[in-house]
Protein chains: 2
Amino acid sequence: MKNILIIGCGLLGSSLLRRIKKKKLAKKIFIFEKSKKNLSKIKKLKLPGIIIQKPEDVMSEINMIIFCTPMSEYKKIILKLNKSLTKNHIITDVGSSKSNSLKIINKNLKKNISWVSSHPIAGSEVSGPEHGKQDLFEGKWCVLIKDKKTNFRHLKLVDTFWKKMGSKTVLMSPEKHDKIFSITSHLPHLIAYNLIKTAQTFEKKQKHNLIKFSAGGLRDFSRIAASNEVMWRDIFFDNKTNVSKAINLFIKNLNEFKKDINSKNNKLIIKKLIQTKKVRSQIIKLKQDINLPNFGRD
Amino acid sequence: MKNILIIGCGLLGSSLLRRIKKKKLAKKIFIFEKSKKNLSKIKKLKLPGIIIQKPEDVMSEINMIIFCTPMSEYKKIILKLNKSLTKNHIITDVGSSKSNSLKIINKNLKKNISWVSSHPIAGSEVSGPEHGKQDLFEGKWCVLIKDKKTNFRHLKLVDTFWKKMGSKTVLMSPEKHDKIFSITSHLPHLIAYNLIKTAQTFEKKQKHNLIKFSAGGLRDFSRIAASNEVMWRDIFFDNKTNVSKAINLFIKNLNEFKKDINSKNNKLIIKKLIQTKKVRSQIIKLKQDINLPNFGRD
């Protein structure tokens with residue numbers, strides 16, 4: 001890589017920025033960020049990179065473009081860049097949902113321009129450039145998307161890029177990606193939001209102070225339910241078909257659970273609770289979470 | 001206190017044991033534990049206390065009795081102790097659900113014996129004496145239960161005891177307790193179990209490897225869903241009326257959420273996601289969780 005343009009410099013964009021700088025992966029890093037709040041943070045933090053107002057003007061200097069904005073911003077930016085894009089530009093994004101966003105990309109992107117979509121599994125409930133860090137992607141999975149339009153030379157370059165970011169990479173179709181992450185990420189977020197919402201509904205009705213006693217379980221969900229609202233609206237809308245199916249499956253299981261509790265079905269409940277326990281040890285074994293009780297919080 | 005009997009020496013019982021020893025709160029500590037596995041761990045860990053086989057035989061030496069077993073064990077032990085219990089024994093328990101367990105206690109406990117129920121909000125997904133620690137209750141809430149049968153002298157003594165364990169105490173009726181904790185603790189556990197169950201159903205059907213990609217949200221739920229199955233079966237059964245109501249409220253909210261996603265109701269979704277975000281900052285402000293992104297895991 002010679003020069004890299006980062007579009008959207010929040011948690012992920014600024015983490016890439018820090019890593020690229022640290023590993024000396026680019027001669028120049030350009031930053032295009034529309035939020036004034038983020039821009040003033042970037043300046044205050046003295047993050048490396050050249051802040052630009054008109055990305056279309058520097059396109060001839062750019063080798064790689066990374067979209068790190070919420071997915072609902074893609075279209076507008078693509079239309080702005082189209083004129084100055086060439087087939088040599090390596091373009092990727094970090095969006096959490098793929099099928100629908102790729103439809104929008106393909107519909108709006110100038111013909112014969114290649115886009116290799118990627119999804120690093122490294123988020124947080126916090127957003128903004130002040131939370132970024134150069135090792136955010138270290139040891140984490142990054143899904144690379146392959147479809148019939150994929151330019152394999154570009155795919156290889158994007159793959160190498162993520163490995164330099166510290167990620168392990170894996171290849172998927174947009175459809176497979178969206179199915180898997182509807183269960184491992186989108187449904188958990190939705191459920192966490194909904195649980196907090198339910199606590200709020202209850203609190204309003206019953207006038208009991210709940211938050212005070214949240215250490216018994218509720219607090220865990222509040223972390224995820226504090227995630228960025230624009231990013232998550234985009235994901236829910238983008239992957240709504242899979243998310244709806246996941247909700248239906250969840251409700252079906254929940255109704256069965258309720259029935260077994262109400263009929264005090266000892267055998268079935270114990271079986272269910274023992275089975276779910278196994279997943280934790282698998283997750284720990286695969287190093288997808290910290291191996292300490294209570295996330296090592298206490 | 002002079003001599004204390006701990007019945008059930010797992011995570012909570014052994015934490016009490018360690019704290020009582022450290023603070024020199026008892027002359028003698030007796031331990032009654034029926035699990036051979038736990039007994040061998042207690043010996044190996046060289047935990048303080050005298051292991052006894054027949055608690056009924058030492059009752060005349062005992063001043064305070066703390067039930068730390070799953071709630072489904074209470075009845076059997078009460079019937080064993082009844083003969084040797086006197087109105088001077090200070091009795092408490094650490095059960096997570098109150099109305100129904102108090103019914104069972106009152107039905108089986110000998111007349112004129114006092115029982116002051118308590119619930120320390122300090123659990124973990126791990127169980128067993130090897131995970132106990134003397135500061136488990138430090139700064140945590142402990143709910144003390146007051147009803148029309150409460151002996152106020154005993155209540156005061158139990159209150160003092162928990163403060164010496166490091167807890168902040170609060171008084172509630174069994175009914176209020178069970179309503180509040182159906183939302184802050186029982187529903188979150190049930191939802192976590194159900195989410196993991198849903199991931200398992202999906203995995204079976206689709207034959208995709210999900211666990212590998214659990215860092216996007218699912219892993220958080222797997223922690224709670226690894227909690228002790230006997231303890232949680234008891235809680236779900238004991239508090240089934242409130243838990244059922246909580247499930248219904250949760251499903252109602254979830255169906256609304258689904259509807260708003262499917263109709264891409266931007267305004268409502270953003271409003272919902274912003275509102276739920278506030279709970280996290282309240283929880284942090286009340287020091288009910290660690291003030292670090294991602295629970296400080298990474």
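Values as computed for the structure displayed
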read-out: Residue among B:Lys111, B:Lys133, B:Lys156 that is of a type in the set (Lys, Arg), over 20 Å from B:Asp234 (Cα atoms) and touching a residue at least 40 places away in the same chain (Cβ under 8 Å); value: B:Lys133
read-out: Filter result (more than 7 Å from chain A (Cβ to nearest Cβ) and part of a helix (DSSP H, G or I)) within the stretch B:254-265; value: B:Asn255, B:Glu256, B:Lys259, B:Asp260
read-out: The stretch B:225-235: number of residues that are aliphatic (A, V, I, L, M) and in contact with a Phe, Trp or Tyr (Cβ under 8 Å, 6 or more places away or on another chain); value: 1
read-out: Single condition A:Glu229 does not satisfy, out of (1) surrounded by 19 or more Cβ atoms within 10 Å (Cβ to Cβ); (2) within 28 Å of B:Lys245 (Cα to Cα); value: (2)
read-out: Hey, A:Lys271 modelled with pLDDT under 95 and more than 7 Å from every other protein chain (Cβ to nearest Cβ) or not; value: no
read-out: Subset of the stretch B:40-56 [out of contact with any Leu (no Cβ under 7 Å at 6 or more places or on another chain), outside any loop (DSSP other than H, G, I, E, B) and in contact (Cβ under 8 Å) with a residue 12 or more places away in the chain]; value: B:Lys41, B:Ile42, B:Ile50
read-out: Search result, residues across the stretch B:34-51 that are surrounded by 15 or more Cβ atoms within 10 Å (Cβ to Cβ) and either of a type in the set (Ser, Thr, Tyr) or over 24 Å from the mean Cα position of the chain (by Cα) (or both); value: B:Ser35
read-out: Single residue of the stretch A:128-146 satisfying the filter (part of a helix (DSSP H, G or I) and either in contact with a strand residue (DSSP E or B) (Cβ under 9 Å, 6 or more places away or on another chain) or more than 8 Å from chain B (Cβ to nearest Cβ) (or both)) that is surrounded by the most Cβ atoms within 10 Å (Cβ to Cβ); value: A:Pro129
read-out: Answer residue from the stretch B:96-127, given it is aliphatic (A, V, I, L, M) and not in a loop (DSSP other than H, G, I, E, B) and is farthest from B:Met64 (Cα to Cα) among those; value: B:Ile104
read-out: Residues (at pLDDT 95 or above, over 17 Å from A:Val158 (Cα atoms) and within 14 Å of chain B (Cβ to nearest Cβ)) located in the stretch A:91-127; value: A:Ser97, A:Asn100, A:Ile104
read-out: Among the candidates A:Asn106, A:Asn63, residue that is surrounded by 15 or more Cβ atoms within 10 Å (Cβ to Cβ) and touching a residue at least 24 places away in the same chain (Cβ under 8 Å); value: A:Asn63
read-out: Pair list, Cβ < 7 Å and 6+ apart or interchain, from the stretch A:72-84 residues that are aromatic (Phe, Trp, Tyr) to residues that are part of a helix (DSSP H, G or I); value: A:Tyr74/A:Ser101; A:Tyr74/A:Ile104; A:Tyr74/A:Ile105
read-out: Any hit, the stretch B:168-176, residues being in contact with a Leu (Cβ under 8 Å, 6 or more places away or on another chain), closer than 30 Å to B:His89 by Cα and among the polar types (S, T, N, Q); value: yes
read-out: Top-ranked residue of the stretch B:274-283 - restricted to ones that are at the interface with another protein chain (Cβ under 7 Å from one of its Cβ atoms) and charged (D, E, K, R), ranked as nearest to A:Asp238 (Cα to Cα); value: B:Lys277
read-out: Whichever residue in the stretch A:171-229 is touching a His at 6+ places or on another chain (Cβ under 9 Å) and closer than 21 Å to B:His177 by Cα and, among such residues, is modelled with the lowest pLDDT; value: A:Gly216
read-out: Scan of the stretch A:20-39 for residues that are in a loop (DSSP other than H, G, I, E, B) and among the polar types (S, T, N, Q), ordered by number; value: A:Ser35
read-out: Residue within the stretch B:175-190 that is buried (at least 21 other Cβ atoms within 10 Å of the Cβ), touching a Pro at 6+ places or on another chain (Cβ under 8 Å) and either in contact (Cβ under 8 Å) with a residue 24 or more places away in the chain or more than 9 Å from chain A (Cβ to nearest Cβ) (or both) present; value: no
read-out: Lone unmet requirement of (1) of a type in the set (A, V, I, L, M); (2) loosely packed, with under 15 Cβ neighbours inside 10 Å; (3) facing chain B (nearest Cβ under 7 Å) for A:Leu292; value: (3)
read-out: Residue check, B:Lys168 modelled with pLDDT of 95 or more, in the same structural domain as B:Ile121 (by TED's automatic domain parsing) and in contact with a strand residue (DSSP E or B) (Cβ under 8 Å, 6 or more places away or on another chain); value: yes
read-out: Checklist (1) outside the structural domain of A:His186 (by TED's automatic domain parsing); (2) free of Cβ contacts under 8 Å to residues at least 24 places away in the same chain applied to A:Lys287, failing item; value: (2)
read-out: Residue list for the stretch B:201-223, restricted to those being more than 7 Å from chain A (Cβ to nearest Cβ) and in a helix (DSSP H, G or I); value: B:Glu203, B:Lys204, B:Lys205
read-out: Candidates A:Ala226, A:Ala246, filtered to the one that is at the interface with chain B (Cβ under 8 Å from one of its Cβ atoms), in contact (Cβ under 8 Å) with a residue 60 or more places away in the chain and not in a helix (DSSP H, G or I); value: A:Ala226
read-out: Filter pass, A:Phe67 being of a type in the set (Phe, Trp, Tyr) and under 29 Å from B:Ile270 (Cα atoms); value: yes
read-out: Single match in A:Phe221, A:Phe202 (criterion: more than 30 Å from the chain's Cα centre (by Cα), in the same structural domain as A:Ile180 (by TED's automatic domain parsing), crowded, with 19+ Cβ neighbours inside 10 Å and not polar (S, T, N, Q)); value: A:Phe202
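The values are calculated or read from the model by the stated rules, or taken from the named source; none is laboratory data. Quick caveat, the model's predicted, so the values are computed rather than measured. Positions of Cβ are backbone-derived with ideal geometry, glycine not excepted, and every protein chain shown enters the neighbour counts.
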